[in-house]
1. Report, to the nearest whole %, how much of the accessible area of segment 65-163 belongs to carbon and sulfur atoms, 1.4 Å probe, protein only.
2. Using the Karplus curve 6.51 cos²θ - 1.76 cosθ + 1.60 with θ = phi - 60°, what ³J(HN,Hα) values do you get for each residue of segment 180-186, in whole Hz, with x for Gly and Pro?
3. Restricting to bridges with both residues inside the chain, how much of the DSSP beta-bridge set is antiparallel, in percent to the nearest 5?
4. Given C-alpha coordinates of segment 95-177, what is the ratio Rg to Rh with the Kirkwood estimate of Rh?
5. Considering amide H positions built from the backbone, and no H for Pro or chain starts, which residues 5 or more places from Q174, or on another chain, come under 5 Å of its amide H?
6. List the residues whose amide H sits under 5 Å from the amide H of V145, counting only those 5 or more places along or on another chain, with H placed 1.01 Å from N in the peptide plane.
7. Ranked highest first by average number of other Cβ atoms within 10 Å, how do 61-71, 109-119 line up?
8. Would you calculate the separation in nanometres between label points at R23 and Q61, each defined as 7 Å from the Cα along the Cα-to-beta-carbon direction?
Amino acid sequence: MTAQPIQAIAIGASAGAVQALLRILPALPADYPLPVLIVVHVPPDRDNALVGLFRSKCPLQVREAEDKESIAAGTIYFAPSDYHLLVEADRSLALSWDEQVNHSRPAIDVLLQSAADAYGPALVGIVLTGANHDGAAGLAAVADVGGVAIAQEPADAQVPTMPAAALAVCPSAQAMTLDDIISYLLTLAAT
């Protein structure tokens, strides 16, 4: 039986996110074929400075997600501050100002659950470092549809609470160090 080819990657992170993402995202080459959708918990009263930071460090195009935007291969999308980032059934992006989820907007669960609905087994969901349990239910949704569920190895995380919660809720998720996550993501470019 042939595995479903991966078509998208969704990543969630909180406390320690910048350091973790600075290891992962610049490692993806300019010809990386997959879109990368990212939610990082950012205070609602601040502009999201992540796009500018990562644009200067990454070979891939980096942009802030826009409502109704079509998802393009080889592009990194960050959720804007104070908006949930969702993937629609037609694989376009949607922004929502709905209630906070897990005390967060944007919430990782919202991204992972909507991306799981849109991409099914063609999705890789990743939960990185963080200090709450956001992303745990979303990672379980990724696994439930046959997608690849990964949580950062808690001992490797700057703040282990979030990946540990994800592994507890989704025991089928693979625990990986940042180096292992990078290696895995690079293998996806070769398939």
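1. On the way: 1720 of 3570 Å².
It is 48 percent, rounded to a whole number.
2. Residue by residue, segment 180-186 yields 5, 5, 4, 4, 5, 4, 5 Hz.
3. On the way: 6 of 30 bridges.
Beta bridges within the chain, antiparallel portion: roughly 20 percent.
4. Numbers: Rg = 11.8 Å, Rh = 12.3 Å.
The Rg/Rh ratio comes out at 0.96.
5. A149, I150, A151
6. Amide H neighbours of V145, under 5 Å, 5+ apart: none.
7. Numbers: 61-71: 16.1, 109-119: 24.7.
Top of the packing list down: 109-119, 61-71.
8. Each label point is offset 7 Å from its Cα along the Cβ direction, giving 2.9 nm.
The values are calculated or read from the model by the stated rules, or taken from the named source; none is laboratory data. Model, not experiment: these values are computed from the prediction. Cβ sites come from the backbone with ideal geometry, for glycine too, and all protein chains shown count toward neighbours. All accessible areas refer to the heavy atoms of the entire protein, side chains included, with ligands and DNA or RNA removed. Shrake-Rupley method; radii C 1.70, N 1.55, O 1.52, S 1.80 Å.
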